[in-house]
There are 2 protein chains.
Amino acid sequence: MAKVSNKYLEVDPYLIIEKGFHQDRHQVSESIFSLSNEYVGVRGFFEEDISLPHLIGTYFNGVIEVGTDLGAPHYKGVVNKTHFTLNSVNFLKCHIDALGETLDLCKVSFDNYLETLDMRSGLLKREFVWNVKDIHIYVSFERLLDMERCKHAYQRITFRSDKDVELTLSMSLDFGIVHWGKTCYWNDISVIEKDDIHGVSSKTITTNQEIISLQRITPRLNNVKTSNKELDEYGTLKLTANKDMVISKHIFNHVVDGDYNIKEFVKELKDDDTIDQAILRNKEYFRKVYERSDIIIEGSDLDQQGIRYCIFQLEQTYHGYSKNNNIGAKGLTGEAYSGHAFWDSETYCLPYYLFSNQASAKNLLMFRYETLGFAKERAKDLDCEGACYPIATRNGEEACTLWQHASCQIQPTTAVGYAIFHYMNIYHDDEFMKKYGLEMILEICKFLLTRGQYNMDNTYFGYYGVMGPDEFQLMVNHNTYTNYMGKKMFEYLFTLLDNPKYHNPELLKKCGYTDELLKRMRDASDKMLILYDDKTKLFEQHDGYYKLPHIDIHSIPVTDFPLYSHWSYDRIYRNDIIKQPDVLMFMFLYPSDFTYEQKKANYEYYEPRCIHESSLSPSIHSIFASELGKEDEALNFFNFATRLDLDDYNRNTCEGLHMTSIAAAWMNIVYGFLGLRSDKEQIELNPTLPKRWNKYRVNLYYQNRIIKSEVNKDYLNIDVIGESITLKIYGKDVRIDKNLRIKRS
Amino acid sequence: MAKVSNKYLEVDPYLIIEKGFHQDRHQVSESIFSLSNEYVGVRGFFEEDISLPHLIGTYFNGVIEVGTDLGAPHYKGVVNKTHFTLNSVNFLKCHIDALGETLDLCKVSFDNYLETLDMRSGLLKREFVWNVKDIHIYVSFERLLDMERCKHAYQRITFRSDKDVELTLSMSLDFGIVHWGKTCYWNDISVIEKDDIHGVSSKTITTNQEIISLQRITPRLNNVKTSNKELDEYGTLKLTANKDMVISKHIFNHVVDGDYNIKEFVKELKDDDTIDQAILRNKEYFRKVYERSDIIIEGSDLDQQGIRYCIFQLEQTYHGYSKNNNIGAKGLTGEAYSGHAFWDSETYCLPYYLFSNQASAKNLLMFRYETLGFAKERAKDLDCEGACYPIATRNGEEACTLWQHASCQIQPTTAVGYAIFHYMNIYHDDEFMKKYGLEMILEICKFLLTRGQYNMDNTYFGYYGVMGPDEFQLMVNHNTYTNYMGKKMFEYLFTLLDNPKYHNPELLKKCGYTDELLKRMRDASDKMLILYDDKTKLFEQHDGYYKLPHIDIHSIPVTDFPLYSHWSYDRIYRNDIIKQPDVLMFMFLYPSDFTYEQKKANYEYYEPRCIHESSLSPSIHSIFASELGKEDEALNFFNFATRLDLDDYNRNTCEGLHMTSIAAAWMNIVYGFLGLRSDKEQIELNPTLPKRWNKYRVNLYYQNRIIKSEVNKDYLNIDVIGESITLKIYGKDVRIDKNLRIKRS
């Protein structure tokens, strides 16, 4: 099942370049050239007309619509309404005519097409020469979202022709956007006009959320027209031969979240701020990002570009601007997965933020605190107590209408608990724990207690009717991942409760904790069934897994993949194929709990049964292979991790970027090759060097300092910016001050 | 969880009587007073206006509409469109005014309300005295569906007042019928007019099926008006004091199934046929039914009325008029269950027809032959071969959109195989087997082979990811019912193939049978895993059932029932509660395969775990209790079986009659108290007498003769109309000629 790249972009360490227009990849490019500043994301759709299938996508974080009743049966606990991040106003829309021709790259003659995304600034530029009759007009479109002044966006169009020529240009704010190619969820616009500033506002049909979008165009276009959903400013441009004509547009977007004064917004556009200033600001922003978090690879330009793209897109998608935001599986780059966040946020994405920016990491946890109310409601819907976190959500409510996932997968809840544990390991943030963390852990453990059951004669405890992380084993009992994580959560809570720092009887009372409840919890934890055989060192994935029909995954025809699309739904679940790591997953989360032999045995047993139908799967395998000294396998699983989207390995990048896989690629390098372990108070490094690299450097932000590691064939060179620190390196405590050279073992 | 009756009807052996109008039971009465002749069913809705919630339901067998896309995910094998039996033209509608009052029993003054359904004729009559000002008008409505001339229906309204008075009456044909209280699926009508006959026709919106409905009213009403969906004939009636005024309406309905000539239909209404003649015809029809199939109970008038109602409704719903018909879970009496037939038809209903009318029984099987094409398609959808019969269908296509049922329940398929085996036991119908039966068995077995799997080391075979008859254990492996039935199907096929009578290499070839396939099938059959422990004599319901969390069903609060409505969906499946017999079910189907000790052990193990959330459950338990000599339990489970609907035990008779439970009630008496066994070529009887009865008589039609059994305290008196026959009675072969008296053992 080797996946094959579909490469068409140029290779460069800081740029993503499309040379020549690849019509057949248009929607892939739209995804890849997506910009976001967490407040809003825009796909790399064309400003001007284009007669190709496209997805004009603009997604404001938190602006959602709700799905209608899906006709699903109304069983208790089965979700039958859903919500999704809504495609919103296109504030970059243009229309350009010259000499009776409309600019549409499918219909006109053009040369020298070049699109460039600069990962040092987040500037997207697209340029070409439009041949109209005997005239050649150079056209460039630039756009930028301000990373910090995140309601500001900039657009610049430059024309230069070799003869005098007249153009007409319109620049629009368009709410006539359909979602899922079907429905416009926006009411008719209201028009705003103040001097040279024009704008529109509209509300969503059901959720009644409002967006205001204002534009100032320089120089002014002379005419304005409006329709039910759209405002256009338009006018004639007279180009003089060989002279640049530059049209700039400064946009201010506001998602209404309370009272506002439109005059304040108008002021924001009057401060003579330009795109060039915004570029400088963004450059400074990304300079700091790379200072803390860059990875530099020598020996593979592909990997270099790939991993930088990962870091760039992670930062764009989420950097903790708001505790009401989270990381959608597709970021803000498409409509697939409805903008929902999954347990990926805590399990795959959080580590990046933990080692780049404490505030971001904390806000990712705060999202779960802010939505604790929904999680408690959800637990009740499931006849349980405490808090059950959703498998898929944007606003905190469970949005997954498939009961087999929403009611049977417990890992979103344990992932939140794990994330708190993980964050505390790194930051020892007692204030956080006291104010937010402990309450979440208490509610999580209450859910875990009430969702679990004892077996027939009460000799052991565990989870019945669950699906673990591996979504190919449905409705199983004693999934070891789930039981293990449940036990770890209970134990973590007991540790916290034993710690005088967190003594808080009031909170315990508020959460309904009594001595009796704690006694029950201790008993459940003690009797938690962990299916482990010390002789083989194997954990059984769930009770009965070993007895399942065996399928040699290499016997499955390539054309059967992905199985979800080609196999009868029930058939997927009736054998020992696994979709993604399950036993290996809890061993990954708690690497210090297991011996080398245990890791080896379980890796060697489960790896041949895994088809990696989740894009999150290979990286975890690569990390294990690294630790187990299986260098080729480690590289093999890493293979295209950083370039999943750039080279469209899954052939669905057109739908949006695999944002959480991007995070997994980062983990693959940092936890895999660099051998980071962060499940204890002291972090560890065990660096290896992948064969295809000469050396690599990794910057990790860690407790107010930056740790810079450089790994080459012989040495680990490690440096610290900030106070010295003791790390475990290759199993030994090492005090790191400045420029330490350690022989690789 | 004792269920409580909600009795409001009078008790009578041949009549169902509602004395006084029970407003609060209006929809229950609508269901109970339903008429049907298999071609069409009408609920007992009021002809005239009534300001109460009601369900005006008229259902023509085979007239369906299709549901729109349900938004379900498009996984392979998961059904995302459905179909349902459509509520159709109301051909009994009336509107009556007198002295400015509209007849509406919620709004007028009335006395002496009486509604009577005569189970000897199928005549439904409703009468009362309407007090308008100082005038008393006796009104009666009669309706009848002709059981044999099944397109004919009759309505008669009689008025008699104590003073001269003028009425206006309209009698209508109304296609303005909404289904599920929401949508009218009928296009605008076409109007038909020939002399004194008026009619309408309309087509369904999506499926384009057409119904023609004609009426002749005697004496004529003078005026006609039509709207988009309705035709009304109306006029003024001048009542003379104390003189009957009788208005008769003769209706002819036709579901278009090819070319037709409207003149022929008009002729049908011109033959001077009257309701009185139709009553005589129906009386003769039901006389024959009771001659072959009656049950007479002395000692419990409730049971007597109950069981006769069961027989009457079974006959009404289905008597094999067409091989394209089947038995909906609600018959033709409501919209719940969408008119779908389930495995109930073969498993619970077929026995009644086997012992009353060979042609009916055969046509019930022929439905599955006629829809074999759909079953083969369905098997393909599930990545299998052969034929997979639907869990719910009206037209043969799978209509169940819940994959956990439609993809995981195999018992509809084995039920068809079992039905063929059962029918053959009774009728030795070699022609049927050669032409239809063998092909079905071949396709069924092919499905069973390809749906099954070997365990990891190929030491045993069975079914993974299934739900057995017990719908509270979802996605289990080696459900013993499924494995056992699979093995029995294979073995039955091998027996047939060994029989020179059925030698048919062409058919084998057509069905893709090769020696290799048969070898695989024999191996699968040999290695079929049957979870049985000879020490305890227990069959484990599925692999792992014994380890499930135990819930004492008596500890569940009464308010939690039904669990489907009060428990979180996933919670239902995470314990050892069973909804209905599963192990006991295959022991019921093949009683001769098991010893008394085995039956006793399994009954005593599983009965305390069963909450009977299926109305089909108690009867099976009663049958076992009878055999095991647990007389009180047998009676306890039988308790309300015959009166489930008459006394509205489940509080949902308003939605329609529990048609297949009605069949189970018949089985309860015949297989339970009378001790019939029919899983071998020779039938057996082991009669017992329930305590609350003095005696009972059962007529069974069997191989061209009628066997009449009378069971009293001491004796079984048995008589045969037709040729003498040898039956096994109390374990001994007994030759029965005339009036044999056998001491009960």
*asked:* With the structure loaded, tell me whether A:Tyr454 is in contact with a strand residue (DSSP E or B) (Cβ under 6 Å, 6 or more places away or on another chain), buried (at least 23 other Cβ atoms within 10 Å of the Cβ) and either at pLDDT below 95 or within 14 Å of chain B (Cβ to nearest Cβ) (or both) or whether it fails that test.
replied: no
Expected single match for crowded, with 22+ Cβ neighbours inside 10 Å and among the aliphatic types (A, V, I, L, M) among B:Val42, B:Val78, B:Val66 is B:Val42
Within the range B:664-671, is even one residue at negative phi, part of a helix (DSSP H, G or I), modelled with pLDDT of 95 or more and β-branched (Val, Ile, Thr)? yes
Scanning the range A:395-421 residue by residue, those among the polar types (S, T, N, Q), assigned to a helix (DSSP H, G or I) and either more than 24 Å from A:Tyr590 (Cα to Cα) or modelled with pLDDT under 95 (or both) turn out to be A:Gln404
Within the range B:521-551, restricting to residues that are basic (Lys, Arg) and closer than 25 Å to A:Tyr545 by Cα, the one that is surrounded by the fewest Cβ atoms within 10 Å (Cβ to Cβ) is B:Lys527
Exercise for the section: Kindly indicate whether any position in the range A:672-686 is in contact with a Leu (Cβ under 8 Å, 6 or more places away or on another chain), among the β-branched types (Val, Ile, Thr) and surrounded by fewer than 24 Cβ atoms within 10 Å (Cβ to Cβ). Expected result: yes
When A:Ile56 is run through (1) touching a strand residue (DSSP E or B) at 6+ places or on another chain (Cβ under 7 Å); (2) within 14 Å of chain B (Cβ to nearest Cβ), the failure sits at (2)
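Results for (1) part of a helix (DSSP H, G or I); (2) under 25 Å from the mean Cα position of the chain (by Cα); (3) outside the structural domain of B:Tyr606 (by TED's automatic domain parsing); (4) modelled with pLDDT under 95, shown as yes or no for each residue.
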position	(1), (2), (3), (4)
B:Tyr423	yes, yes, no, no
B:Glu439	yes, no, no, no
B:Glu443	yes, no, no, no
B:Asn458	no, no, no, no
With criteria (1) surrounded by fewer than 20 Cβ atoms within 10 Å (Cβ to Cβ); (2) touching a residue at least 12 places away in the same chain (Cβ under 8 Å), B:Lys435 comes up short on (2)
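The rows are residues; the columns are (1) more than 14 Å from every other protein chain (Cβ to nearest Cβ); (2) in contact with a helix residue (DSSP H, G or I) (Cβ under 8 Å, 6 or more places away or on another chain); (3) crowded, with 18+ Cβ neighbours inside 10 Å.
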residue	(1), (2), (3)
A:Ser88	yes, no, yes
A:Phe91	yes, no, yes
A:Gly100	yes, no, no
A:Lys107	yes, no, no
A:Ser121	yes, yes, yes
A:Asp134	yes, no, no
A:Val139	yes, no, yes
A:Leu144	yes, yes, yes
If we keep only residues of the range A:524-579 that are of a type in the set (S, T, N, Q) and under 14 Å from A:Val476 (Cα atoms), then the residue nearest to the chain's Cα centre (by Cα) is A:Gln541
Going through the range B:578-603 in order, the residues found to be part of a loop (DSSP other than H, G, I, E, B) and aromatic (Phe, Trp, Tyr) are B:Tyr590, B:Phe594
With criteria (1) within 22 Å of B:Arg571 (Cα to Cα); (2) within 14 Å of another protein chain (Cβ to nearest Cβ), A:Pro549 comes up short on (1)
Taking the range B:127-155 and the residues there that are more than 25 Å from B:Asn61 (Cβ to Cβ) and touching a residue at least 60 places away in the same chain (Cβ under 8 Å), the one that is nearest to the chain's Cα centre (by Cα) would be B:Phe128
Taking the range A:168-193 and keeping residues more than 15 Å from A:Lys225 (Cα to Cα) and surrounded by fewer than 22 Cβ atoms within 10 Å (Cβ to Cβ) leaves A:Ile177, A:Val178, A:His179, A:Trp180, A:Gly181, A:Lys182, A:Thr183, A:Cys184, A:Asn187
Cβ pairs under 8 Å, 6+ apart or interchain, first in the range B:336-352 and more than 18 Å from B:Pro469 (Cα to Cα), second polar (S, T, N, Q) and in a loop (DSSP other than H, G, I, E, B), ordered by first then second residue, are B:Ala336/B:Asn652; B:Ser338/B:Thr82; B:Pro351/B:Ser678
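Residues checked against (1) touching a Gly at 6+ places or on another chain (Cβ under 7 Å); (2) buried (at least 20 other Cβ atoms within 10 Å of the Cβ); (3) within 20 Å of B:Val40 (Cα to Cα):
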{"site": "B:Asp257", "(1), (2), (3)": "no, no, yes"}
{"site": "B:Tyr260", "(1), (2), (3)": "no, no, yes"}
{"site": "B:Lys267", "(1), (2), (3)": "no, no, no"}
{"site": "B:Asp271", "(1), (2), (3)": "no, no, no"}
{"site": "B:Thr274", "(1), (2), (3)": "no, no, yes"}
{"site": "B:Ala278", "(1), (2), (3)": "no, yes, yes"}
{"site": "B:Arg281", "(1), (2), (3)": "no, no, yes"}
{"site": "B:Ile295", "(1), (2), (3)": "no, yes, no"}
{"site": "B:Asp303", "(1), (2), (3)": "no, yes, no"}
Taking A:Asn326 as the residue in question, decide whether it is modelled with pLDDT of 95 or more and outside any helix (DSSP H, G or I). yes
### Task
Kindly establish whether A:Asp430 is among the charged types (D, E, K, R), touching a strand residue (DSSP E or B) at 6+ places or on another chain (Cβ under 8 Å) and assigned by TED's automatic domain parsing to the domain that holds A:Gln409.
no
Exercise. Got at least one residue in the range A:503-511 being within 14 Å of another protein chain (Cβ to nearest Cβ), part of a loop (DSSP other than H, G, I, E, B) and touching a residue at least 12 places away in the same chain (Cβ under 8 Å)?
Worked result: no
Cβ pairs under 8 Å, 6+ apart or interchain, first in the range A:554-568 and farther than 15 Å from A:Lys3 by Cα and within 13 Å of chain B (Cβ to nearest Cβ), second surrounded by fewer than 16 Cβ atoms within 10 Å (Cβ to Cβ) and of a type outside the set (D, E, K, R), ordered by first then second residue, are A:His566/A:Thr559
A careful count of residues in the range B:700-725 that are free of Cβ contacts under 8 Å to residues at least 40 places away in the same chain, within 22 Å of B:His422 (Cβ to Cβ) and in a strand (DSSP E or B) gives 5
Residues in the range B:7-39 that are of a type outside the set (Asp, Glu) and more than 28 Å from B:Arg697 (Cα to Cα) total 12
Can you confirm whether the range B:577-598 contains a residue that is within 14 Å of chain A (Cβ to nearest Cβ) and among the acidic types (Asp, Glu)?
no
Apart from one, (1) out of contact with any Leu (no Cβ under 8 Å at 6 or more places or on another chain); (2) within 14 Å of chain A (Cβ to nearest Cβ) all hold for B:Thr401; the odd one out is (1)
Scanning the range B:404-432 residue by residue, those hydrophobic (A, V, I, L, M, F, W, C) and crowded, with 24+ Cβ neighbours inside 10 Å turn out to be B:Ala406, B:Cys408, B:Ile410, B:Ala415, B:Val416, B:Ala419, B:Ile420
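The values are calculated or read from the model by the stated rules, or taken from the named source; none is laboratory data. Just so it is clear, the model here is predicted, and its values are computed rather than measured. All Cβ positions, glycine included, derive from the backbone under ideal geometry; neighbour counts span all protein chains shown.
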